[in-house]
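Participant: I have a structure here, written as structure tokens, and I will follow up with some questions on it.
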Amino acid sequence: SLLAEAGIQLCEAPDMVDPARSLRAAGLTPLQTRRTRRHARDVVDASGIPFAELALDVVTYEIGAREIRHHELEIEAQNVAHAASLGLIAQDLLARFGDVLRLWRSGKLATGLAVQELLREGNLDDHVTGGNLRPSAYDLVERHVAATTRDRRAGADGALTHRGAAG
């Protein structure tokens, strides 16, 4: 219904057991294929009550015949009351493990799309070892995501200016 409200019309998807096949039948195609393996632990307060989850995600992007792995540590509040504590936990982890951790603001989709494009351009091969992104890869991915975001914003601003001038 959200797609229809945005003016995007899809074919009627048959009611099937295979969701991917149903989406393709409706006219949708995947942007990326990925698997995530999550190892999660509760973060507890002084009284032993869990207030957040600390999860190590190993994300495997399937790009052509290749599998590229990205590792991230996520901190997720279990309720809104403890959301402010997440920043303190992140700061503590960076202070303790800053030599092997870095702040990562890109989501899995944006990260995977950047990895895919950088591989296609031939700019990432030297930054992947054994299918794992090396630390040097993250600088490239971060710059690519930032440039893509800037390009999208510039395009949106131009489109708004153009319509305003024409209208």
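The values are calculated or read from the model by the stated rules, or taken from the named source; none is laboratory data. For clarity, every value in this text was computed on a predicted model and none was experimentally measured. Here the Cβ is made from the backbone with ideal geometry for all residues, glycine too, and neighbour counts use every protein chain on show. Areas reflect the complete protein model, heavy atoms only, side chains present, ligands, DNA and RNA absent. Shrake-Rupley method; radii C 1.70, N 1.55, O 1.52, S 1.80 Å.
Participant: For the range 33-59, how many residues meet the condition of being surrounded by 15 or more Cβ atoms within 10 Å (Cβ to Cβ) and within 19 Å of TRP104 (Cβ to Cβ)?
Facilitator: Total satisfying the criteria: 8.
Participant: Another question about this same structure. Can you say whether HIS82 is in contact with a Phe, Trp or Tyr (Cβ under 9 Å, 6 or more places away or on another chain) and under 30 Å from GLY130 (Cα atoms), as far as the supplied structure shows?
Facilitator: For HIS82, the condition - in contact with a Phe, Trp or Tyr (Cβ under 9 Å, 6 or more places away or on another chain) and under 30 Å from GLY130 (Cα atoms) - is not met.
Participant: If GLU12 satisfies all but one of (1) surrounded by 11 or more Cβ atoms within 10 Å (Cβ to Cβ); (2) among the charged types (D, E, K, R); (3) over 22 Å from ARG143 (Cβ atoms), what's the number of the condition it fails?
Facilitator: (1)
Participant: Taking the residues in the range 130-143 that are small (Gly, Ala, Ser) and not in a helix (DSSP H, G or I) as candidates, determine which candidate is surrounded by the fewest Cβ atoms within 10 Å (Cβ to Cβ).
Facilitator: For the range 130-143, the residue satisfying everything is GLY130.
Participant: Take the conditions open to solvent by 70 Å² or more (accessible area, probe 1.4 Å), assigned to a loop (DSSP other than H, G, I, E, B) and either modelled with pLDDT of 90 or more or closer than 25 Å to THR149 by Cβ (or both) and apply them to LEU73. Does it pass?
Facilitator: Judged against the criteria, LEU73 is not a match.
Participant: Checking the conditions here, which among ALA146, ALA159 is open to solvent by less than 90 Å² (accessible area, probe 1.4 Å), more than 22 Å from GLY64 (Cα to Cα) and modelled with pLDDT under 70?
Facilitator: Details: ALA146 fails: modelled with pLDDT under 70.
Result of the check over ALA146, ALA159: ALA159.
Participant: Say we look at the range 76-129 and pick out the residues that are polar (S, T, N, Q), in contact with a strand residue (DSSP E or B) (Cβ under 9 Å, 6 or more places away or on another chain) and under 24 Å from THR149 (Cβ atoms); which of these is most open to solvent (accessible area, probe 1.4 Å)?
Facilitator: GLN116
Participant: Right, another one. Within the range 75-100, take every residue that is charged (D, E, K, R) and out of contact with any Asp or Glu (no Cβ under 9 Å at 6 or more places or on another chain) and give me the one that is farthest from PRO50 (Cα to Cα).
Facilitator: ASP99
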